[in-house]
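J.: One structure, pasted below without further comment.
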Amino acid sequence: MKEGDKVTVVNPLHAYCGRSGTVVEISSDDEGDFIFVEMMDIEGRYTGRFSQDIMFEPRDLKIVK
C-alpha cells in the first residue's frame, strides 16, 4: 500500500466499513503502521478542504483497483 492508492474499509467492526477513500499518509510508531485515508462522503465524492483524514490499521483496508 502506498500514498495515492484507493482503498475500501473491510473491517466489519469499523464505523467506516464499506466506505472508500484515498491513502494520504502512511506512518508508523513502536506499535506498528497506521494509514491516514481521505474518505469519500456517502455519495462517493471527496469532501474537499473540510474533510478529515481517518486513521486505520493496514488490516482494516483493502486496495481497490
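None of the figures in this text is laboratory data; all of them are computed from the coordinates on show. Bear in mind the structure is a predicted one, so any value in this text is a computation, not a measurement.
J.: Check the straight Cα-Cα distances from K6 and name the aspartates and glutamates below 17 Å, setting aside those fewer than 8 residues away within the same chain.
T.: Counting by Cα, and skipping residues close in sequence, K6 has these aspartates and glutamates nearby: E25, E38, D41, E43, D53, E57, D60.
J.: Quick one: length gained pulling E31 to E57 fully straight, 0.36 nm per residue minus the C-alpha distance?
T.: 8.3 nm
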